[in-house]
1. Hey, fewest Cβ within 10 Å first, where do Asp45, Asp18, Asp68 land in order?
2. Report the per residue volume, in Å³, of the convex hull enclosing the C-alpha atoms of the range 17-70.
3. For every other residue with a beta carbon closer than 12 angstrom to the beta carbon of Ile37, add +1 if it is Lys or Arg and -1 if Asp or Glu, then tell me the sum.
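Taken together, the values in this text are just the output of simple stated rules run on the coordinates, not laboratory data. The structure displayed is predicted, hence computed values, not measured ones. Heads up, the Cβs are rebuilt from the backbone with ideal geometry, glycines too, and the neighbour counts pull from every protein chain shown.
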Amino acid sequence: MTEAAKSKGPAAKQDKVDLLVGMKAICNYLGRSESTIIKWRQQYDDFPVKKNGQLTATRSALQKWVYDTFGG
């Protein structure tokens, strides 16, 4: 097995599990409405939701952002 193949193993799988795709998934994860997510995207430059055709974010980035922004 090549080094590249080894490096894609569990870490790549974890990245896929960590990824949220779409507004509904992000709203469900944060327990917030679409209007709140839209407002946060506009209000906070560091909000870790990106638009690449669809809205995407990682659970870990959202968790860190909520902790850093709201204190938990």
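1. In order of increasing Cβ crowding within 10 Å: Asp45, Asp68, Asp18.
2. For the range 17-70, the hull spanned by Cα atoms encloses 75 Å³ per residue.
3. Net local charge, Ile37 excluded: +4.
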